[in-house]
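Notes follow the structure.
What follows draws every value from the coordinates through simple rules; no lab data is involved. In this text the structure is predicted, and so the values were computed from the model without any measurement. Because the Cβ atoms are built from the backbone with ideal geometry, glycine has one as well, and the counts that use them run over all protein chains shown.
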Amino acid sequence: MIRILFAILSLLPFSISLHSNEKANFDFSKVQGVVIDHSPASLKCFVGSPSICILPDGSYLASHDWFCKKGGNRKMPPVFKSFDKGKTWEQISELPFSTATLFVHKGFVFAMNACRISISEDGGKTWSQPKDDKTGIILPEHKAIAYYHTGPVPVICAKGRVWRAIEYLAKGRKWGEYTVALLSAPENSNLLDAKNWTLSNPIDFPEQLKCRVMSGWLEGNVVHRRDDDKIVDILRIHSNIDDIAAVVEFDERGIVPSFDKNKNFVRLPGACKKFTMRYDEISKKYYALTNWTPEEYRDRPNNAGKSHKAERSRHTLALVSSYDFDIWKVEKVLLSEPSDPEHNAFQYLDWQFDGEDIIAVSRTAAFDGVEKADNQHNANFFTFHRFKDFRK
């Protein structure tokens, strides 16, 4: 009975949008993947921060948030659940904050962004409310910091600790001039208590490397690099070059960062856009889902006749891999919709290994049968995808 009630409630925002535009005739038949949520471009609120995890009982939990233009009615981030391996979804709750990563630890599910964490002890139906440093506010507001920055980036457990990469913007700096750091806590500690979290020393993008085509780093993935047992942060480079990523290394305690411009850049296809990276214990490979731009679409004119920016080329999703963390190759193209690169995208994917498959959720821009997405960045769909037998 409760499940039916939640299923009805999850339809309310969609029903309201239909009621406000009775002539709307949405058609999702050409949208790739399973549509979990939809927000028409005319509402001026767009899908952001997709995240997914697999609960101990095998069900899936997924969430996203909203970012809106002026006039849009921003809502709390919805949480959806699937009991049938992603074929159908129902909204079951809302998160208390945005830009969250969902992850499972010690049998419970958590949501965490760059400065807050919340726990659900009932499979995502209810969430704790961060109110102070004892209940989930890990990093307080600071007079020198404009804001903490993040996306749904991995939270991992390695070397006896829970790890997450964060960035923040110091006041007076421009977007993209982010400072990088790591948060970590003992794996058996109370993750809602700020005293258990350690913030690493910060590191800035080297000033001498800033130029017209490479201006900063963001949205880092914390990874336990197996060959030298180091915790590293591999970051997207804000650039119009498609395939440059940066690797910030940390000392044994995860406190002191280092970056050598001569050895810590790697050629990672699609790395000028957000990517999510994970290590596969079976194949002993590192995998990432990226918006790699195939050669035939590079320098392709956009609708205005100008060369299309690589950073906004998000219409192709690729699986890339590496054995050694240095040499990356494109394994296969998973999704592609290049017919209208200004309005089509599969981006910001969060994903998990599920046996022989990869499951993922996407911030997707696509035609909904009535109107195109606002643009490729301002997505109108939240979609689920299963990529079968990814190791073959």
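If Lys and Arg each add +1 and Asp and Glu each add -1, what is the summed charge of the other residues whose beta carbon sits under 9 Å from the beta carbon of residue 149? Within the 9 Å Cβ shell, the charges total -2.
Backbone phi angles across segment 239-245, fed through the Karplus curve with coefficients 6.51, -1.76 and 1.60 (θ = phi - 60°), yield HN-Hα couplings of 7, 9, 9, 5, 10, 10, 10 Hz in residue order; Gly and Pro are listed as x.
A straight chain from residue 171 to residue 213 at 0.36 nm per residue would run longer than the Cα-Cα distance by 12.8 nm.
Under 4 °C and 1.567 mPa s, how fast does segment 192-332 diffuse according to Stokes-Einstein, given a Kirkwood radius computed over C-alpha pairs? Answer in µm²/s, whole number. Estimated via Stokes-Einstein, D reaches 80 µm²/s.
Projecting the Cα atoms of 240, 169, 215 onto the charge dipole of segment 139-249 (Cβ charges, centred on the Cα centre) puts 169 farthest toward the positive pole. Taking the chain as a whole, the Cys residues whose C-beta sits 4.7 Å or farther from every other Cys C-beta are 53, 115, 157, 211, 272. Here the spin labels are modelled as points 7 Å beyond Cα on the Cα-Cβ line, and at residue 189 and residue 146 they lie 3.0 nm apart. Sorted from greatest to least, the principal axis extents spanned by the alpha carbons of segment 291-392 come out as 41, 30, 17 Å.
Relative contact order, whole percent, for the chain stands at 14, derived from Cα pairs under 8 Å and 6 or more residues apart.
Charged side chains reduced to their Cβ positions (Lys and Arg at +1, Asp and Glu at -1) give the chain a dipole of some 620 debye around its Cα centre. For residue 389, what charge total do you get from the other residues with a beta carbon under 10 Å from its beta carbon, if Lys and Arg give +1 and Asp and Glu give -1? After counting each charged neighbour, the total is +1.
Within the shell of other residues whose beta carbon sits under 12 angstrom from the beta carbon of residue 120, the net charge comes to -1, with Lys and Arg scored +1 and Asp and Glu -1.
Compute, for segment 206-269, the length of the dipole vector about the Cα centre, with Cβ point charges of +1 (Lys, Arg) and -1 (Asp, Glu) only. Units Debye, rounded to 20. So the magnitude is around 220 debye. Once backbone amide H atoms are built at 1.01 Å from N, residue 158 has 163 as its partners under 5 Å, excluding neighbours fewer than 5 places away on the same chain. Given 171/329; 171/195; 174/309; 159/392; 131/230; 174/388, which pairs have Cα atoms separated by over 32 Å? The pairs that break the limit, which is 32 Å between Cα atoms, are 171/329; 131/230; 174/388.
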